[in-house]
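The values are calculated or read from the model by the stated rules, or taken from the named source; none is laboratory data. Keep in mind the model is a prediction, meaning the values are calculated, not measured. Cβ placement follows ideal geometry from the backbone for every residue including glycine, while neighbour counts extend to all protein chains displayed. SASA here: full protein model, heavy atoms, side chains in, ligands and nucleic acids out. Shrake-Rupley method; radii C 1.70, N 1.55, O 1.52, S 1.80 Å.
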Amino acid sequence: MHKQRMFDLARPSRQHWLGYLLLAPAVILVAVIIIYPLIISVDLSFQNVKLVKMGDARKPFTLINYQRLFTSPDFWMACWVTLKLVVAVTVGSLVVGLSTALLVNNKFKGRTLARLIMALPWAVPEVIAVVIFAWIFDSSFGLMSWVFIKLGITTEMVAWVSTPGAAFWAVAMTMIWKGFPFVSIMTLAGLQSIPSDFYAAAKVDGANVYQRFRWITLPSLMPVLGVTIVLVLLWVFRDFSIIKVLTNGGPLKSTTTLSIMTYDQAFGFFRFGYASAVGVITLIICVIASLFMLGRGPKSGL
Amino acid sequence: MRRTLSQSILLYATIVGAAIVILFPIYWLVITALASTDELSSLPPTFWPEAPDWGVFAKVISERPILTWLWNSTLAAIGAVSLSMLVSVAAGYSLSRFKVRGGHSMGMFILTAKMLPATLMVIPLFALFRSFGLVGSLWSVILAQATFIIPFTTWMLKGYFDTIPRELEQAAMVDGCTPLSAMFKVVLPISTPGLAATGLYAFVLSWSEYAYARTFLISEQGNWTANLGIAGMRGEYTSAWNEISAASIFVALPIIIIYIFLERYLVGGLTAGAEK
């Protein structure tokens, strides 16, 4: 009698045709909608092309897009804006996220509700967050200008979205409000994994609140914070909707990040080759950041 | 840790203060929707409308194609979530249980794929969809959204399957199940909470997406998703803030409701997805 071969999932060698079969649909789909398009965009960045369609004859290989890019003041300006925004939003989200997490990590009545509230902005779609802040930063009847006048910082209404410096901070504030809950959620998860024995032992040794934070909480949080910082950074770096809908990259390109520049070159001026070159540079920076994270991050389960 | 009364008061005061600041923009959205046009065009701003105008919600629904937008967003989300879940359940299970040649690198690639900038991906996808005549149809958005949803769902599901002991399948196979039927009859049924949480997380991702929708659907007004419609209203010259706010509430509400009731699961997914 033919005996069915036992298949042992617990054995270290678990090769089986089913493993391949189950992975196949994902591999095929990823190849078609991620890898193939990536190849196309890298290829486009080496061609001097405008609006393209598949099947168009390939234009000759050229480095002109990259040459034009590195000599373009717009590109360096976009790099500078991106860097400023990444730093401002990452630092802002980190400060707010970390403090709210430490706050709701205390034991008190209504803690569950407090946690829910602290992370609520995470659930608001980006475009909706922009609507809210666009109105708060409105130049005629916006709340923010009114507050500024009341506080004596300015004497008249500020045209937030049409003044370069102010527009940058309007974007940054919107992004911090939308982005800090992620830091908060991640930090809380990290805080809960710190054994309470550590604190008990430190108290026996006479450590005060600050010392406990400095020598127990912070070092234990470092791995989680590292990953979180990289993820926030990448989110700001790649963001499209908040900037596009709030300021459209303006005024005077003061909020045009590399992502916005890529998009505008492609779908505003239809310079697909040039836009792909900007996008490829953006991608390279993202990949370096992700590799950094994969190399440093906590190994959970993998 | 015991707190003195003054410490407790300080703690509660700080928490309430922080909550007010964080929730204020959402409060402001609701107040703006309910305020009258006069109240919105005067200073000091109205913190509590004299006569809340609840009719604004009905007005927006009758004057704007909000319901169509919401329906399109729903269709796109159903499509993108189903497609992603279908391939991710299989792939996540395979990555969790089997040793597949190249499986590890494939998993790593999928993981890094969620870092791809949409502004780069949208260019070749536009070229591709244009030659297949998909630009303007919801299918373009469904396929494009799958590019960033699949990485999340695959890794969330792999993480979930990792928590289910292999002994369950072994026991099932001793009882005569094949590896495939063990997966369908044993593992998937007890994974329902994980599958639901992942699906909802994917739904939130799809519902909030804007870049692809804007690029592929902009010239096809009948297929506009909710975010695209709202951004369109914001772009108009005469901004009726109460109407935009009312429309925005319709769009944000489904996600906020999901969040309030299923926060635990979504947050679990968020941290799992991030820690890989």
Scan of the range B:27-41 for residues that are free of Cβ contacts under 8 Å to residues at least 24 places away in the same chain and within 9 Å of another protein chain (Cβ to nearest Cβ), ordered by number: B:W28, B:S41
Answer residue from the range A:86-109, given it is closer than 14 Å to A:M173 by Cα and open to solvent by 60 Å² or more (accessible area, probe 1.4 Å) and is farthest from the chain's Cα centre (by Cα) among those: A:V95
Leading residue by the ranking (farthest from the other protein chains (Cβ to nearest Cβ)) among those in the range B:125-153 that are of a type in the set (G, A, S) and part of a helix (DSSP H, G or I): B:S140
Residue selected from the range B:154-197 under the condition part of a helix (DSSP H, G or I) and basic (K, R), by the criterion modelled with the highest pLDDT: B:K158
One residue from A:G110, A:G97 being on the phi > 0 side of the Ramachandran plot and not basic (K, R): A:G110
Residue count, the range A:201-222 (criterion: assigned to a helix (DSSP H, G or I) and surrounded by 10 or more Cβ atoms within 10 Å (Cβ to Cβ)): 15
Residue in the range A:145-152 that is under 30 Å from B:P25 (Cα atoms), open to solvent by less than 30 Å² (accessible area, probe 1.4 Å) and part of a helix (DSSP H, G or I) present: yes
Filtered residues of the range B:42-90 (kept if touching a residue at least 40 places away in the same chain (Cβ under 8 Å) and either among the hydroxyl-bearing types (S, T, Y) or at the interface with chain A (Cβ under 10 Å from one of its Cβ atoms) (or both)): B:T68, B:S73, B:L83, B:S84, B:V87, B:S88, B:V89
Criterion: surrounded by 18 or more Cβ atoms within 10 Å (Cβ to Cβ) and either in contact with a Phe, Trp or Tyr (Cβ under 8 Å, 6 or more places away or on another chain) or under 30 Å from B:I256 (Cβ atoms) (or both) - qualifying residue of B:A172, B:A182, B:A202: B:A202
Within the range B:32-110, helices (runs of 4 or more DSSP H) holding 2 or more residues that are modelled with pLDDT of 90 or more: B:55-63, B:66-97
From the options A:A31, A:A26, A:A10, residue that is modelled with pLDDT of 90 or more, within 7 Å of chain B (Cβ to nearest Cβ) and within 22 Å of B:L157 (Cα to Cα): A:A26
Identity of the residue in the range B:1-25, facing chain A (nearest Cβ under 7 Å) and among the hydrophobic types (A, V, I, L, M, F, W, C), that ends up farthest from A:L116 (Cα to Cα): B:L11
Only listed residue being of a type in the set (G, A, S), more than 11 Å from chain A (Cβ to nearest Cβ) and part of a loop (DSSP other than H, G, I, E, B), chosen from B:S239, B:S219: B:S219
Whichever residue in the range A:110-133 is modelled with pLDDT under 90 and among the β-branched types (V, I, T) and, among such residues, is surrounded by the fewest Cβ atoms within 10 Å (Cβ to Cβ): A:T112
